[in-house]
Amino acid sequence: MKRFVATLVATAALGALAFPALAQSGSKTLEQVKQKGFLTCGTNTGLAGFGLPDDKGNWTGLDVDLCRGVAAAIFGDPSKVKFIPLSAKDRFTALQSGEIDVLSRNGTWTQSREAELGLLWAGVNYYDGQGFMVRKKLNIASALELSGASICVQQGTTTELNMADFFRTNSMKYEGVAFADINEAVKAYDSGRCDAYTTDASGLYASRLKLVNPDEHVVLPEIISKEPLGPAVRQGDDQWFNLVRWTHFAMINAEELGVTKANVDEQLKSTNPEVKRFLGVEGDFGKGLGLSKAWAYQIVKAVGNYGEVFDRNVGANSSLKIKRGLNNLWSKGGIQYAPPVR
Amino acid sequence: MTDETVSFHPAYLRGEAALAQPAPITTSGPVAWVRTRLRSGWLSGILSLLFILLLVWVIPDLFRFFFLDAVWSAPDGSACRAPGTGACWAFIERKIDFFRYGSYPSEAHWRVDLVLIIGAVLAARLLWPAGRKGMAGLLAFLLGVPLLMFLLIPGPAAVMREPATELTIFAIGVGLAALLEATALSTGLVSLLFFAVYPIFVVTLLHGSVTLGLSIIDTNLWGGIFVSLLVATIGIVVSLPAGVLLALGRRSRLPFVRLFSVVFIEFVRGVPLITVLFMANTMLPLFVPEQLTPDRLLRPLIGVAVFASAYMAEEIRGGLQAISKGQYEGAMALGLGYGKMMRLVVLPQALTLVIPGIVNIFIGLFKDTTLVAIVGVFDFLRTVDTARVDPAWSGPTISATGYAFAALFYFVFCFGMSRYSLMMERRLSAGRRH
């Protein structure tokens, strides 16, 4: 009995030692980052267009460029980021424990994740959603024409449920062919086992490249679910939250104002008051974020505006060739919208 | 006298000579081999035929896929996407630096090469059993390993890219090997070099040091083959001594030592490696002060070492139990203390007995290093898995090519270990052959 009590006391002491470390969730993230000299950013372990090391092992992608943008805003140097590839299982723990400063890992923004996990989504840098891919020769222009089709899908995912809902609401019939492994599903579709293949739209474009003849397939315009992907931070540090959110907004504003990576130096001489404020020629809008007044200039100079980042990583200039769609500016038919800098 | 012996001949002894047998059919040569091995009966004849058919069915297709239809060089994935093409070796060639070094900055690749070469030289010197007469074999090994690592696997193109550095590093390796041979250092001194000096050298060179003017390269950039080798080597180097200590501890008469060993072994053996890795990854940071938060690469290293130690301990305990009590008593009668008795009498016999088991654990460990990928470490298999996703290369045959390459890599290393252990077994048991 005595030994048991002693063990208990020892365990409790260990626990007491351990928990201060856990409770520390950095209310002054910006200060810590400045002190460390680099930003710690959680990324995907490998997702084409979003977070993927290239031939030399350098990280590239839409999510990666957001982190580079944050680093550029703070340090004026996009290389001051340490990327930590995280699996789906330990991505949120890593953020909660303070191991990473920002999680930019194509995480879907959902109510429960914000309300229960103690996280905040700083914005949506990619509006994803479930779509369908079919063969061009079927001459189908809309998902509503898919009645009676056989559809390859990955088993046990929300994708499967979304598809069931979609077909039921539109009172259409379909034959689902489920595979445990996503690559199996793509292969089956390619070999003609199914008429269509469904997964998140960004995934459809990536899968299309694995097909024998990618040009013979087309992604249908309908998006049947909402998957807003974006960077997340810990709750409890509003300054840091603002910084990440405004990095994303700065990239969108830059596109709206026509400021690009190439012309940003020229734009410093612009007479447009909005551009002047944005680039810090007039007023000091970085101060409230804890940054210099050239913060937005540094972001655009380093990674470019949102349109450039999109095109380079997932859009027209990449091999994924994803259309802007929902991710276009609000003024061009999309829903990417940023509050003004003033 | 003789007659009497014959007359009292017991019934169970044969009285007359056995009949002469016809001369045996030749048992050597190819014809005999086919007759005795392939169709010694109708069943084995059918089995032989089936297996030959299986080979005929499988091999041409594999050969066509991996060699005849393969794409050997291409600037990007488009050539590999053409219908009917086989393995895309161009993909491997393009990504080989990523497979070898992960995100390690390219201008510092020489550091990794140097570490690997020197490690190979020291390890070869330690592992090669015969000191002086092993010279030829040692050199063959030294030339073989680097050649394998730097010429065959990456393809000649990678060497051509930076011939100067690769050759310099290779020369350093050969020079060091020659030096080791010439100075005829004792094995003890070499192991001191390997176990004490070399690790410091590895950490300094790989991680960098400001005072030496080497830029700091954080472990989150480490990856690829060298990380796999690092994890496996640490696991192997730590688990053997730790396993011996735990095995002795479990048989110890001191209650706390025994309790600790039993709890450690049973606890670690009772959970899967994945659990140990997750625990090392998420719990370790909670139990140490904030400033000491272990590096993300160090955590799985600790996890793997702990896991392998527990298995090693049980394997060695098996060996210890096979040693008869007489050996212990004999050693004690000679006046040897516990340490000397174990070191000079018991352990050498026990370890020799369990070589197959130990190597089995090593091989398992080497392959288990792929599991560190789930805690975000870019080991070799993970780099293959990631490179496969690259949209510039993705195509129908990319995954098959990547995984075939990974399989080849792991096979070469595991088969090498297995052959080495067979050789050691033969050498060490030479004295007990009857």
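The values are calculated or read from the model by the stated rules, or taken from the named source; none is laboratory data. For clarity, every value in this text was computed on a predicted model and none was experimentally measured. Note that each Cβ is placed from the backbone with ideal geometry, even for glycine, and that neighbours are counted across all protein chains shown. Heavy atoms of the whole protein, side chains included, go into the accessibility calculation; ligands, DNA and RNA do not. Shrake-Rupley method; radii C 1.70, N 1.55, O 1.52, S 1.80 Å.
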From A:88, A:122, A:115, residue being within 26 Å of residue A:336 (Cβ to Cβ), of a type in the set (Gly, Ala, Ser) and within 14 Å of chain B (Cβ to nearest Cβ): A:88
So which pairs qualify, if the first residue must be in the range B:76-99 and of a type in the set (Asp, Glu), the second must be in a helix (DSSP H, G or I), the Cβ gap must be under 9 Å, and the two must be at least 6 apart or on different chains? B:76/B:90; B:76/B:94; B:93/B:157; B:93/B:158; B:97/B:106; B:97/B:109; B:97/B:158; B:97/B:161
Listing of helices (runs of 4 or more DSSP H) fully contained in the range B:144-220 that carry 2 or more residues being modelled with pLDDT of 65 or more: B:163-183, B:187-192, B:198-207
Right, residue B:331: at negative phi, in contact with a Gly (Cβ under 6 Å, 6 or more places away or on another chain) and either more than 14 Å from chain A (Cβ to nearest Cβ) or assigned to a helix (DSSP H, G or I) (or both) or not? no
If I ask for residues that are open to solvent by 10 Å² or more (accessible area, probe 1.4 Å), more than 14 Å from chain A (Cβ to nearest Cβ) and of a type outside the set (S, T, N, Q), which ones from the range B:220-241 would you list? B:229, B:230, B:234, B:236, B:237, B:238, B:240, B:241
Test: residue in the range B:79-88 that is touching a Leu at 6+ places or on another chain (Cβ under 8 Å), of a type in the set (S, T, N, Q) and on the phi < 0 side of the Ramachandran plot: no
Exclusive hit being open to solvent by less than 50 Å² (accessible area, probe 1.4 Å) and either acidic (Asp, Glu) or more than 9 Å from chain B (Cβ to nearest Cβ) (or both), set A:29, A:60: A:29
Positions within the range A:225-250 being within 25 Å of residue A:46 (Cα to Cα) and of a type in the set (A, V, I, L, M), in sequence order: A:229, A:232, A:233, A:244
Quick check: anything in the range B:93-105 over 26 Å from residue B:396 (Cβ atoms), open to solvent by 70 Å² or more (accessible area, probe 1.4 Å) and at pLDDT 85 or above? no
Give the residues of the range A:196-214 that are within 14 Å of chain B (Cβ to nearest Cβ) and either without any contact (Cβ under 8 Å) to a residue 60 or more places away in the chain or in a strand (DSSP E or B) (or both), sorted by residue number. A:203, A:210, A:211, A:212, A:213, A:214
Flag if residue B:413 is away from chain A (no Cβ under 14 Å) and in contact with a helix residue (DSSP H, G or I) (Cβ under 9 Å, 6 or more places away or on another chain): yes
Can you find even one residue in the range B:250-264 that is within 12 Å of chain A (Cβ to nearest Cβ), within 18 Å of residue B:372 (Cα to Cα), in a helix (DSSP H, G or I) and open to solvent by 50 Å² or more (accessible area, probe 1.4 Å)? no
Suppose we filter the range B:348-397 for residues that are part of a helix (DSSP H, G or I), at pLDDT 85 or above and either away from chain A (no Cβ under 14 Å) or open to solvent by less than 20 Å² (accessible area, probe 1.4 Å) (or both); how many remain? 28
The condition from (1) within 22 Å of residue A:55 (Cα to Cα); (2) within 14 Å of chain A (Cβ to nearest Cβ) that residue B:84 misses is numbered (1)
Can you tell me which condition residue A:52 does not meet? The list is (1) within 13 Å of chain B (Cβ to nearest Cβ); (2) of a type outside the set (Gly, Ala, Ser); (3) free of Cβ contacts under 8 Å to residues at least 40 places away in the same chain; (4) surrounded by fewer than 20 Cβ atoms within 10 Å (Cβ to Cβ), and all the others hold. (4)
I'm checking my understanding of the structure. Among residues of the range A:91-105 that are open to solvent by less than 10 Å² (accessible area, probe 1.4 Å) and within 11 Å of chain B (Cβ to nearest Cβ), which one is farthest from residue A:238 (Cα to Cα)? A:94
Tally up the residues in the range A:183-229 that are open to solvent by 30 Å² or more (accessible area, probe 1.4 Å) and among the polar types (S, T, N, Q), please. 3
So which of B:48, B:73 ends up being open to solvent by 10 Å² or more (accessible area, probe 1.4 Å) and either under 26 Å from residue B:394 (Cβ atoms) or within 12 Å of chain A (Cβ to nearest Cβ) (or both)? B:73
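Residue-wise test of (1) surrounded by fewer than 19 Cβ atoms within 10 Å (Cβ to Cβ); (2) free of Cβ contacts under 8 Å to residues at least 60 places away in the same chain; (3) farther than 28 Å from residue B:382 by Cβ.
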| site | (1), (2), (3) |
| --- | --- |
| A:88 | yes, yes, no |
| A:112 | yes, yes, yes |
| A:136 | yes, no, yes |
| A:142 | yes, no, yes |
Of the numbered conditions (1) modelled with pLDDT of 80 or more; (2) open to solvent by 90 Å² or more (accessible area, probe 1.4 Å), residue B:62 fails exactly one; give the number of that condition. (2)
Take the range B:226-255 and flag every residue that is under 19 Å from residue B:339 (Cβ atoms) and not small (Gly, Ala, Ser). B:240, B:241, B:244, B:245, B:246, B:248, B:250, B:251, B:253, B:254
Collect the residues in the range B:398-415 that are among the aromatic types (Phe, Trp, Tyr) and either modelled with pLDDT under 90 or open to solvent by less than 20 Å² (accessible area, probe 1.4 Å) (or both), keeping them in residue-number order. B:405, B:409, B:413
Anything in the range B:379-398 that is within 30 Å of residue A:316 (Cβ to Cβ) and hydrophobic (A, V, I, L, M, F, W, C)? List them, or say none. B:384, B:387, B:389, B:392, B:393, B:398
